[in-house]
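Just so it is clear, none of the values below were taken in a lab; they were calculated from the coordinates. Quick caveat: nothing in here was measured; it's all calculated off a predicted structure. A quick note on method: Cβ atoms are made from the backbone with ideal geometry, for glycine too, and the neighbour counts reach across all protein chains shown.
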Amino acid sequence: MTIAFHGAARTVTGSKHLLTLDNGKKVLLDCGMFQGMGHETDALNRDFGFDAKEVTYLILSHAHIDHSGLVPKLVKEGFNGKIFATSGTKDLCAVLLEDSANIQRDDAHYENKRRKETGEPLIEPIYSVEDAKKAMTLFETVPYGQFTVIEPGLELLYTDAGHIIGSAAVSLKITNGDKITHLTFSGDVGRYNDMILTHPQTFPQADYILIESTYGDSLHQSFAPATDVLHDWVIKTCVEKKGKLIIPAFSVGRTQEILFMLNQMELEKSLPSLDYYVDSPLSEEATIVVKHHPENFNDNIKNILKVDNDPFDFKGLHYIETVDESKALNDRKDAMVIISASGMADAGRVKHHIANNISDPKNTILIVGYCEPRSLGGQLMNGAKKVHIFGEEYKVQAEVGVMRSMSAHGDYEDLLHFVASQDAKQVKKVFIVHGEYPVQQHFREHLMSKGFANVEIPERHQAFTLE
Ligand SMILES: [Zn+2]
């Protein structure tokens with residue numbers, strides 16, 4: 001049996017790990033898109049590094065695009081097997097993959113306008129809405145907490161990873177004659193004190209573990225509570241300076257957390273009376289999906305649900321559907337909050353909002369999640385004075401805020417907590433994935449201090465034999 005790491009290897013996006021069983025069957029763990037890696041991004045997404053037609057099964061850990069975004073490409077290139085996912089992941093993918101196809105179409109259209117002028121070759125979107133729809137027909141849902149037989153000798157267990165609705169760690173039980181091998185892929189690991197979601201569950205003793213490491217060298221708790229920080233930015237930008245507060249946010253997860261915090265301010269009677277726009281064509285649908293999956297909710301939100309039947313809705317909240325409505329926000333001069341995808345500000349409508357508002361010091365761009373350093377969000381977060389958006393240069397005159405306390409990813413203590421159920425001596429190898437290389441090196445030290453003796457940080461396309 002071998003495993004090859006085709007994405008999220010020494011970087012945080014493009015999650016794709018291909019397991020080849022002794023019987024020749026190939027199991028792909030996640031089929032994520034690379035995001036925010038500058039000029040390299042497109043080329044990375046066009047070449048899997050393996051033949052899609054040879055993949056037997058696809059198992060998804062969760063619906064975030066960096067874990068699911070290339071599923072339609074896999075199908076377009078000839079994959080025709082089953083796609084296993086939790087029910088929450090399937091519902092979110094139905095919304096996200098189609099949206100991803102639309103974003104690609106729009107970005108390609110925009111980019112090609114520029115390329116036509118410069119005479120550069122035109123680009124094609126990686127897949128279409130039709131490809132995304134076809135991919136959805138291959139999904140099969142698997143419940144949490146019980147081993148499900150995929151085929152004789154291959155069983156799948158999902159345990160709640162507490163990261164987003166539907167998120168799971170993937171445990172495989174592979175039987176070959178008398179030999180049983182347990183392999184667990186963490187997916188993305190949430191936090192043990194999330195506002196909305198249950199905490200990550202334990203998983204059975206594994207021989208091999210693939211673990212994410214996004215925040216493998218940091219601790220979140222040293223930062224101020226997220227709701228207070230958000231409240232301060234709303235007051236400073238919208239009430240004091242009468243400006244626009246632009247929040248790039250993943251449509252799934254982060255957008256609902258922001259809405260949940262704003263709703264909490266309303267319950268506490270501290271929410272300024274303003275217009276709050278969620279400008280991402282799928283955020284309303286995504287919010288509906290979130291509301292339909294209370295199996296992932298923790299006691300905090302369950303208690304709020306007793307007094308407020310919609311903890312994601314408050315006075316002044318509007319969802320923007322059309323491009324024209326979105327553009328109309330640019331002409332408005334009054335204070336407002338705009339929450340818009342994508343989270344790294346690398347695609348989607350938020351890029352236009354940033355381009356339109358970045359030159360005015362009364363506005364704020366508030367970064368609320370992880371951003372790849374080369375992405376627009378990452379450049380702003382790191383204090384860039386000038387940025388390029390759609391090929392044009394902009395001076396950064398708006399304020400840039402960063403809410404470090406919000407993360408859907410565990411810090412290194414959460415990650416160590418996640419593997420604490422394991423007898424480290426029984427684990428033959430841990431593969432650290434989904435992190436930047438320097439962070440992964442720190443995280444390896446943390447793991448080794450807990451007794452995990454054999455810890456690898458695979459490179460992209462690197463393959464390993466599993467005993
Ligand atoms: Zn994720």
Estimated inter-spin distance, Glu456 and Asp51, nm [label 7 Å along Cα→Cβ] | 2.3 nm
Dividing the Cα convex hull volume of segment 128-285 by residue count, how many Å³ per residue is that?
-> 168 Å³
Candidate cut points under GluC sites (Glu not before Pro) in segment 196-291, DSSP loop plus at most 14 other Cβ atoms within 10 Å of their own Cβ, are Glu268
Sorting Phe314, Asn382, Pro294 by the position of each Cα along the dipole of segment 226-402 (Lys, Arg +1; Asp, Glu -1; all at Cβ), the one nearest the positive end of that ordering is Asn382
Of the listed links Lys16/Lys429; Lys25/Lys450; Lys82/Lys429; Lys244/Lys395; Lys236/Lys291, those spanning more than 23 angstrom between alpha carbons are Lys25/Lys450; Lys82/Lys429; Lys236/Lys291
Given a cut-off of 14 Å, what percent of all Cα-Cα pairs of segment 191-253 lie beyond it?
-> 77 percent
Please provide three numbers in whole Å: the alpha-carbon extents of segment 50-175 along the principal axes, with the largest listed first.
-> 57, 30, 20
Taking the Cβ of each residue in Phe84, Phe443 as the centre, tally the other Cβ atoms inside 10 Å and list the residues starting with the fewest.
-> Phe84, Phe443
Residue-normalised 222 nm signal for the chain, counting each DSSP H run of n ≥ 4 as -39,500 (n - 2.57), nearest 500 deg cm²/dmol, is -9000 deg cm²/dmol
What's the exposure ranking of Leu18, Leu416, going from fewest to most Cβ atoms within 10 Å?
-> Leu416, Leu18
How much length, in nm to one decimal, is gained on full extension between Leu138 and Asp42, taken as 0.36 nm per residue of separation minus their Cα-Cα distance?
-> 32.0 nm
Using the C-alpha gyration tensor of segment 340-420, what are the square roots of 5 times its eigenvalues, in whole angstrom, with the largest one first?
-> 28, 12, 11
How big is the C-alpha Rg of segment 128-185 next to the rule-of-thumb value 2.2 N^0.38 Å, as a ratio?
-> 1.38
Mean projection of the alpha-carbon convex hull of segment 226-402 over all orientations, in nm²?
-> 9.7 nm²
Relative compactness, the chain, computed as alpha-carbon Rg over 2.2 N^0.38 Å | 0.95
What do you get when you divide the Cα radius of gyration of segment 242-294 by 2.2 N^0.38 Å, with N the number of residues?
-> 1.20
Ratio to report: Rg/Rh of segment 299-435, with Cα atoms as the point set and Rh obtained by the Kirkwood method; give two decimals.
-> 1.08
Going highest first, how would you order 31-40, 143-152 by mean Cβ packing within 10 Å?
-> 31-40, 143-152
